[in-house]
């Protein structure tokens, strides 16, 4: 028996549909849509309760390029999570025309390498949240089946929504600001000199020099 290779874009769409049908719907409303990013084919996006997941799927090749493209999706603000998929082995019956049903069945029986990148790592928030520092989902997990791929996606979703990641950041910033203000009040500091050091008098100095 021989095998055929569908286009990667078609695999991405079918994988999104299969994920929505095979477990994601249990955690809430799922919307699948395409996002035009200026490329020849639009990206496939899963909206899971407002958390946007782009599927960046390719046949094995240059993994660095796959990771760079995933990071660009996040840096452009298109999503919260990118699921990077390498389609290792998707068994399909050889035929003149492969149906969408054939592709879904092949994905259910297929093998994948999968990794994740989230906005938390891209903007460095994990540095402020100790329990998230060890979460390195951008590292690929090799040769997983569809069930495990779904489990890794669910784990990454929980990682992103499991805790308000901005709250501890804001709290630590507030503590730093209040501590600095307290030092200014209690120490013998020349306020005018401090303002100049912080460039708070820039406008007045500019007027005097004019």
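Please tell me if residue 41 is in a loop (DSSP other than H, G, I, E, B), on the phi < 0 side of the Ramachandran plot and either touching a helix residue (DSSP H, G or I) at 6+ places or on another chain (Cβ under 6 Å) or buried (at least 16 other Cβ atoms within 10 Å of the Cβ) (or both). Considered against the rule, which asks whether it is in a loop (DSSP other than H, G, I, E, B), on the phi < 0 side of the Ramachandran plot and either touching a helix residue (DSSP H, G or I) at 6+ places or on another chain (Cβ under 6 Å) or buried (at least 16 other Cβ atoms within 10 Å of the Cβ) (or both), residue 41 comes out as yes. Annotation: of all residues in the range 49-61 being closer than 19 Å to residue 7 by Cα and in contact with a helix residue (DSSP H, G or I) (Cβ under 9 Å, 6 or more places away or on another chain), the one that is surrounded by the most Cβ atoms within 10 Å (Cβ to Cβ) is 54. Residues that are assigned to a helix (DSSP H, G or I), in contact (Cβ under 8 Å) with a residue 60 or more places away in the chain and buried (at least 16 other Cβ atoms within 10 Å of the Cβ) occur in the range 20-33; there is at least one.
Scanning the range 85-104 for residues that are in a helix (DSSP H, G or I) and either in contact (Cβ under 8 Å) with a residue 12 or more places away in the chain or under 15 Å from residue 141 (Cβ atoms) (or both) returns 100, 103, 104. Within the range 29-41, not a single residue is under 23 Å from residue 144 (Cα atoms) and either modelled with pLDDT of 90 or more or in the same structural domain as residue 156 (by TED's automatic domain parsing) (or both). Number of residues in the range 68-84 that are touching a residue at least 40 places away in the same chain (Cβ under 8 Å), surrounded by 21 or more Cβ atoms within 10 Å (Cβ to Cβ) and out of contact with any helix residue (DSSP H, G or I) (no Cβ under 7 Å at 6 or more places or on another chain): the value is 1.
Can residue 107 be described as under 17 Å from residue 144 (Cα atoms), in the same structural domain as residue 142 (by TED's automatic domain parsing) and either in a strand (DSSP E or B) or out of contact with any strand residue (DSSP E or B) (no Cβ under 7 Å at 6 or more places or on another chain) (or both)?
The answer is yes for residue 107.
Name every residue in the range 88-116 that is buried (at least 20 other Cβ atoms within 10 Å of the Cβ) and modelled with pLDDT under 85, in order of residue number. Matches in the range 88-116: 92 only.
The values are calculated or read from the model by the stated rules, or taken from the named source; none is laboratory data. Since the model is a prediction, treat every value here as computed from it, not as a measurement. Using ideal geometry, Cβ is built from the backbone for each residue, glycine included, and neighbour counts are taken over all protein chains shown.
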